[in-house]
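Bear in mind these aren't lab numbers, they're just calculated from the coordinates by the rules spelled out. Because the structure is a prediction, the values reported are computed rather than measured. So basically every Cβ, Gly included, is an ideal-geometry build from the backbone, and we count neighbours across all protein chains shown.
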Amino acid sequence: MNILMTGGTGFIGSRFVEALSEQDHHIYVLTRSPKTHTDTTNISYISYDYPISRLPFIHTMVNLAGEPLFGYWTEDKKAEIVDSRLLATEKLMNILMKMETKPDTFITASAIGYYGANNDAIYTEKTETPGDDFLAKVSAKWESAAHTAEDLNIRTIYARFGLVLDKDEGALPMMALPFRFGLGGKVGDGEQYISWIHIHDCINLLLHALRNESVHGPINVTAPKPVQYKEFSNILAKQLSRPAIVDLPDAAMKLALGEMSQLITKGQYVLPQKAKDTGYTFRYRYIEDALESIYK
């Protein structure tokens, strides 16, 4: 299978590229700096202005590009978060429109932020109305920008990522840092839910969605057992052999991180109903097992 991808050098994208390559697919990674990467037998790094006519038939397009959410959300940062996602998607839509033979499948990243922050609701893919905060609006715009593929009768998948857990990349290293100094604890009352997924299941669920033709529309890329922050912090502390005794009020987090603090202080209970309905088997269903595998 030939796959054209944006975001293939990022946290999730690079792992997905590696997994696809191991299954002997050929991945064409769109990047602004192809010369800084080394091609392999199954991976080619190409620029956004690479002639479409020189590509083989592309079976699947994957869009994982986007400015990381981490960092103080100034107005410029928020604009970059929005623009990076929409521009990458629009570039792929332009490429798609130029293709004489269209791909079979289009996978685009989104986020469970689509649902908005609400600790009192349970969200599945059947939840159609997005929330009204910044992340919800970003996710809704991101998905809307990819609707061209769906309009062309291409199987379109909106991968709504939860908190992806990995030892070295993503949010977990930042969350673990205060614990390493003995300053960890819960944030606020600790009642807020974290809808998480281990990087192993994240990649394998994407592979499942790619090869399972019954998967289309939104799919929640989260584990089936969300966890409250107070439980998460206790389990994380145990894995790091550190105490969890320094609790931080919401106000302190907002002072330190600004609007971005909502990623930690506000919760969402999101279930991967579509993964369950289409037969995906999670390797890490419980946070204890996930963190143990990461820090063993």
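For LYS141, a cut-off of 19 angstrom between C-alpha atoms picks up these aspartates and glutamates, skipping any fewer than 8 places away in its own chain: GLU67, GLU75, ASP76, GLU80, ASP83, GLU90, GLU125, GLU128, ASP132, ASP133, GLU150, ASP151. For SER110, the residues whose modelled amide H falls within less than 5 Å of its own, excluding neighbours fewer than 5 places apart on the same chain, are ALA159, ARG160, PHE161.
Going down the table (LYS186/LYS266; LYS137/LYS274; LYS78/LYS230; LYS225/LYS276), which pairs top 19 Å between alpha carbons? If you can, show how the numbers build up before the last one.
On the way: LYS186/LYS266 12 Å; LYS137/LYS274 23 Å; LYS78/LYS230 29 Å; LYS225/LYS276 12 Å.
Beyond 19 Å between Cα atoms: LYS137/LYS274; LYS78/LYS230.
Between THR156 and PHE106, GLY217, the built amide H atoms are under 5 Å apart, and every one of these is 5 or more places off in sequence or on another chain. Normalised by residue count, region 165-296 yields a Cα convex hull volume of 103 Å³ per residue.
Under 19 Å from a label point set 7 Å out along the Cα-to-Cβ vector of ILE245, the amide N atoms of region 184-225 belong to 184-188.
Can you give the local net charge around VAL164? Use residues other than it whose beta-carbon is closer than 11 angstrom to its beta-carbon, Lys and Arg +1, Asp and Glu -1. Spelling it out: positives minus negatives among the neighbours equals -2. The lysines whose alpha-carbon is closer than 18 Å to the alpha-carbon of LYS102, local same-chain residues fewer than 8 away aside, are LYS91. Here the contact order of region 1-139, divided by its residue count and restricted to Cα pairs under 8 Å and six or more residues apart, works out to 21 percent. Compared with the direct C-alpha span, the chain from HIS37 to SER14 gains 7.1 nm at full extension, assuming 0.36 nm per residue. When each of LYS77, LYS274 is scored by the number of other beta-carbon atoms lying within 10 Å, the sequence from fewest to most is LYS77, LYS274. Karplus-derived 3J(HN,Hα) values for region 133-140, using 6.51 cos²θ - 1.76 cosθ + 1.60 with θ = phi - 60°, are 8, 4, 5, 5, 5, 4, 5, 5 Hz; glycine and proline are entered as x. Remark: the GLU150-ASN118 segment gains 8.6 nm on full extension, using 0.36 nm per residue and subtracting the alpha carbon distance. The residues THR101, THR60, when put in order of fewest to most other Cβ atoms within 10 Å, stand as THR101, THR60. With neighbour counts taken as other beta-carbon atoms within 10 Å, the residues THR31, THR40 rank, fewest first, as THR40, THR31.
What Kirkwood hydrodynamic radius do you get for region 103-226 when you take the inverse of the mean 1/r over all pairs of distinct Cα atoms, in Å?
Working: mean 1/r = 0.0630 Å⁻¹.
Mean inverse Cα-Cα distance, inverted, gives 15.9 Å.
The modelled label-to-label distance for the pair LYS126/ARG211, using points 7 Å beyond Cα in the direction of Cβ, is 2.9 nm. Kindly state, to the nearest 0.05, the FRET efficiency for GLU191 paired with ASP168, given R0 = 45 Å and r defined as their beta-carbon distance. So the FRET efficiency works out to roughly 0.95.
Sites listed here are GluC sites (Glu not before Pro) in region 1-103 whose DSSP assignment is loop and whose Cβ has at most 13 other Cβ atoms within 10 Å: GLU100. Summing charges over all other residues whose Cβ lies under 11 Å from the Cβ of ALA111, with Lys and Arg as +1 and Asp and Glu as -1, gives +1. Computed over the chain, the range of Cα coordinates on each principal axis works out to 60, 39, 39 Å, biggest value leading. Rounded to the nearest 10 degrees, the inclination of helix 199-211 to the longest alpha-carbon principal axis of the chain is 30 degrees.
For the chain, the relative contact order is 18 percent, taking Cα pairs closer than 8 Å that sit 6 or more residues apart in sequence and dividing their mean separation by the residue count. The alpha carbon centroids of region 1-72 and region 98-159 are separated by 20 Å.
In region 1-151, how does Rg compare with the Kirkwood Rh, expressed as the Rg/Rh ratio over alpha carbon atoms? Show your work: numbers first, answer last.
On the way: Rg = 16.3 Å, Rh = 16.5 Å.
With Rg and the Kirkwood Rh in hand, the quotient comes to 0.99.
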